[in-house]
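Trainee: Structure in structure tokens, see below.
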Amino acid sequence: MDSGLPITAQNRSRTVTRASCQAPHPTESQTMHSATPTHKSRAEISAWLARHVLDQQQRVWAGQRTVLADFGIDSLSAVELLCALDRWLGVAVPADLLADVAHTDALIDAIEALQNLPALPTDQMSDYARCVNPYLAAKLAQLKIDRRFIRADGAWLFDSDGHRCLDFMSQYGALPFGHHPVQIWQALQGLREDAEPVFCQPSL
């Protein structure tokens, strides 16, 4: 029975018939598309969803309207579904795509609508988005961390809009002394002024 609730509010205890071991089925990795976004038809989206449900949830879906929770999709497998969809479409899928989606028809509608969003004109894109990694740039924009930092001092980063941000990441531990530590710059400057040979073999 379709409760009409999004997946986050569905009863996770319901189950459907699991797939039996039959002929080999292509895995999701075998059916991924390239990073270049191409528009997928509704039939292609349905076929992809059927493969994903079979590969990840071990359930057979024949295309009928089905509540997503009936596939056994919970909050963790929902993230897996979004990441797989992200890779297959070659675009940054919003993290809240499933927030208002309760069944397969609504999911396919949401994916179609996502593909129909107008692309940002290239003259409005940053150099990084246009020339380096547009996929990552789009994902950072969705997470609202697509800032352009122009200065750093100690544990602080300063963006192009004048905001100061505390750098909790510190490049995953690569900057244990913070950005531009005075003592280290002084030591480097002292080495330069001493003109002591560094790479010289042999030397007594």
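The values are calculated or read from the model by the stated rules, or taken from the named source; none is laboratory data. In this text, all values refer to a predicted model and were calculated from it rather than measured experimentally. Cβ placement follows ideal geometry from the backbone for every residue including glycine, while neighbour counts extend to all protein chains displayed. Side chains included, ligands, DNA and RNA excluded: accessible areas come from the protein's heavy atoms. Shrake-Rupley method; radii C 1.70, N 1.55, O 1.52, S 1.80 Å.
Trainee: Between a residue in the stretch 55-73 that is of a type in the set (Ser, Thr, Tyr) and any residue that is outside any loop (DSSP other than H, G, I, E, B) and surrounded by fewer than 17 Cβ atoms within 10 Å (Cβ to Cβ), which pairs come within a Cβ distance under 9 Å, given they are 6 or more apart or on different chains?
Mentor: Short answer, once both residue conditions are applied: Thr66/Asp105.
Trainee: So which of Val93, Val79 ends up being surrounded by 15 or more Cβ atoms within 10 Å (Cβ to Cβ), out of contact with any strand residue (DSSP E or B) (no Cβ under 8 Å at 6 or more places or on another chain) and under 30 Å from Phe149 (Cα atoms)?
Mentor: The match here is Val93.
Trainee: Could I ask something else about it? For Asn133, which of the numbered conditions (1) touching a strand residue (DSSP E or B) at 6+ places or on another chain (Cβ under 7 Å); (2) free of Cβ contacts under 8 Å to residues at least 24 places away in the same chain fails to hold?
Mentor: (1)
Trainee: Give the number of residues within the stretch 56-72 that are open to solvent by 10 Å² or more (accessible area, probe 1.4 Å) and either over 17 Å from Ala102 (Cβ atoms) or not in a helix (DSSP H, G or I) (or both).
Mentor: Of the residues in that region, 11 qualify.
Trainee: Another one. Can you find a residue in the stretch 144-164 that is in a helix (DSSP H, G or I), open to solvent by less than 90 Å² (accessible area, probe 1.4 Å) and either without any contact (Cβ under 8 Å) to a residue 24 or more places away in the chain or closer than 30 Å to Asp86 by Cα (or both)?
Mentor: Looking through the stretch 144-164, none of the residues is in a helix (DSSP H, G or I), open to solvent by less than 90 Å² (accessible area, probe 1.4 Å) and either without any contact (Cβ under 8 Å) to a residue 24 or more places away in the chain or closer than 30 Å to Asp86 by Cα (or both).
Trainee: Quickly run through the stretch 73-99 and pick out the residues that are more than 9 Å from the chain's Cα centre (by Cα), part of a helix (DSSP H, G or I) and within 17 Å of Tyr135 (Cα to Cα).
Mentor: Ala84, Leu85, Trp88, Leu89
Trainee: Out of (1) outside any loop (DSSP other than H, G, I, E, B); (2) open to solvent by 50 Å² or more (accessible area, probe 1.4 Å), what's the single condition that is false for Pro176?
Mentor: Every condition holds for Pro176 apart from (1).
Trainee: Quick one: would you say Trp48 is part of a loop (DSSP other than H, G, I, E, B), at pLDDT 90 or above, touching a Phe, Trp or Tyr at 6+ places or on another chain (Cβ under 9 Å) and buried (at least 17 other Cβ atoms within 10 Å of the Cβ)?
Mentor: No, not satisfied.
Trainee: Has the stretch 172-188 got at least one residue that is over 30 Å from Gly72 (Cα atoms) and under 21 Å from the mean Cα position of the chain (by Cα)?
Mentor: yes
Trainee: Looking at Leu120 and the list (1) modelled with pLDDT under 90; (2) part of a helix (DSSP H, G or I), which single condition is not satisfied?
Mentor: (2)
Trainee: In the stretch 109-117, is there at least one residue being farther than 30 Å from Ile45 by Cβ and exposed (fewer than 10 other Cβ atoms within 10 Å of the Cβ)?
Mentor: Scanning the stretch 109-117 turns up no residue that is farther than 30 Å from Ile45 by Cβ and exposed (fewer than 10 other Cβ atoms within 10 Å of the Cβ).
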